[in-house]
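The structure appears right after this line, and notes come after that.
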């Protein structure tokens, strides 16, 4: 299985830009590249998927477990020429001191050669002891190449190359100068998603051109093809089409776009039809049996969301009438009474009796553990009691003015959630939370939600709601 694992000594080393550029440059050379992203992330995979021309999948020991992650990697990448994995943070960074959740642990499990992306600003000869230290720290990690990033020009590159070749046995694959033209814009949650950037395709092509001119792609492919094979323990569990005929509305527009491709595939495999909804432009909900509003940046598009009052009323009426609805993070904010950002407030759907207020500092980020509160989670189907749910959160907003008698589905065992270690606001057939779920064997949330939708399909809810 030809593979490459791009990692770095620390975050913000430019490995996302390099990964995007390598995906696009290799595709231009005729390779079928399957991208992956380590850990919980929506935005980087959107860019990587656009660069490769196919969905990018997340690999996450904490959320999915070690063996399921390996099996999913083998299944997703079986038809590709090269599997390219972008790490998160630094090579040895992760949840635990023992490194069991680190990039290095994932690279070893997948038997993938590691390409170190080194932020070379202010460094010349010092690149050598840095690389040697990483080699010595864990000799089981195959550090198979290095790319110097953010260099100061050809003279700087020559000094870096000389140091690497003199003191290490790691191939020097090239250097990329510090160039604003290939930079990707960021905001509080990281990169701006490519679906919000009208110039995204041009940017990807520009990055690919720079990478192709400055990185030894032939040597990189040779390294990828030397990767050892990894075999899955089990075949992927394909879902039976048990819910054929169900129509699930999904908010997919400039405000909402944080969805895992594997989760969307789980809906389709189960027989459900996903019906795309634009909350900024569509006037009302179509005829649907359930609604899914994922994360995104509603604060950036609050004025457009507020201006579309007919859609807001349609969603509110549908939820009040009993439409099964699931909302995550940005979706939760949209369902609140109002959204405040930069001292401006905008009316939102209003089905959740609270205000959503943006803050300068993060209000919750990282992995979460959730315990379902008995009798309060609306999706009771196929849940093994006593097992914690592993998920993640990343939000700069917090809810204000929640009623004291609010009902929650989860007790937050790790993380922040909505309020006082609780998450998963429950109202009628709505479940809204700051936590992002991912469909896994331990948490088949898609099937649970569809079963809940099926049980509540007795009446055409949205037709009734839109008539109100």
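Where a number appears in this text, it was derived from the coordinates with a stated rule and is not lab data. Computed from a prediction, not measured in an experiment: that's the story for all the values here. Virtual Cβ from ideal backbone geometry, glycine too; neighbours counted across all protein chains shown.
Remarks
- Rounded if a/c under 1.5, otherwise prolate or oblate - the stretch 67-124, Cα gyration tensor axes: oblate
- Whether the stretch 344-463 is rounded, prolate or oblate, judged on the alpha carbon gyration tensor where a/c under 1.5 counts as rounded: oblate
- Counting all C-alpha pairs of the stretch 3-225, share separated by more than 32 Å (%): 12
- The chain, helix-only ellipticity at 222 nm - DSSP H runs n ≥ 4, -39,500 (n - 2.57), divided by all residues, nearest 500: -9000 deg cm²/dmol
- Of all DSSP beta bridges in the stretch 247-467, antiparallel share, percent nearest 5: 60
- Rounded to 5, percent antiparallel among DSSP beta bridges of the chain: 40
- Contour excess over end-to-end distance, with Cα ends at residue 79 and residue 167 and 0.36 nm allotted per residue: 27.9 nm
- Each listed q (0.15, 0.16, 0.17 Å⁻¹) maps to a log10 I(q)/I(0) for the stretch 247-467, found by the Debye formula over equal Cα scatterers with no solvent: -0.93, -1.08, -1.24.
- Gain upon complete extension [residue 455, residue 97; 0.36 nm per residue less C-alpha separation]: 124.4 nm
- Label-point separation, residue 178 to residue 381 (7 Å along Cα→Cβ), nm: 5.6
- Crossing angle, helix 15-28 versus the chain [Cα axis fit, 0-90 degrees, rounded to tens]: 80
- Each of 279, 380 was scored by other Cβ atoms within 10 Å of its Cβ. Listed from fewest to most, they are 380, 279.
- Packing rank of 34-45, 49-60, where each peptide gets the mean count of other beta carbons within 10 Å, highest leading: 34-45, 49-60
- Computed from the Cβ-Cβ distance with R0 of 35 Å, the FRET efficiency linking residue 365 to residue 125 stands at 0.45.
- Packing-based ranking, highest mean first, of 263-274, 22-33 given that Cβ atoms within 10 Å are counted: 22-33, 263-274
- Relative contact order of the chain, defined on C-alpha pairs under 8 angstrom at six or more residues apart (%): 13
- Global geometry of the stretch 1-75, whether rounded, prolate or oblate, following the gyration tensor of its Cα atoms and the 1.5 cut on a/c: oblate
- Spin-label model distance (nm) - residue 225 vs residue 428, 7 Å beyond Cα toward Cβ: 6.0
- Using the alpha carbons alone, the radius of gyration of the chain stands to its Kirkwood radius in an Rg to Rh ratio of 0.99.
- Helix 445-455 and the longest principal axis of the Cα set of the chain meet at an angle near 20°.
- For the chain, the longest principal axis of the C-alpha atoms and the axis of helix 43-52 are separated by about 60°.
- Label-to-label distance, residue 32 versus residue 234, with points set 7 angstrom from Cα along the beta-carbon direction: 2.6 nm.
- Computed extension gain for residue 373 through residue 442, at 0.36 nm per residue and net of the alpha carbon distance, reaches 23.1 nm.
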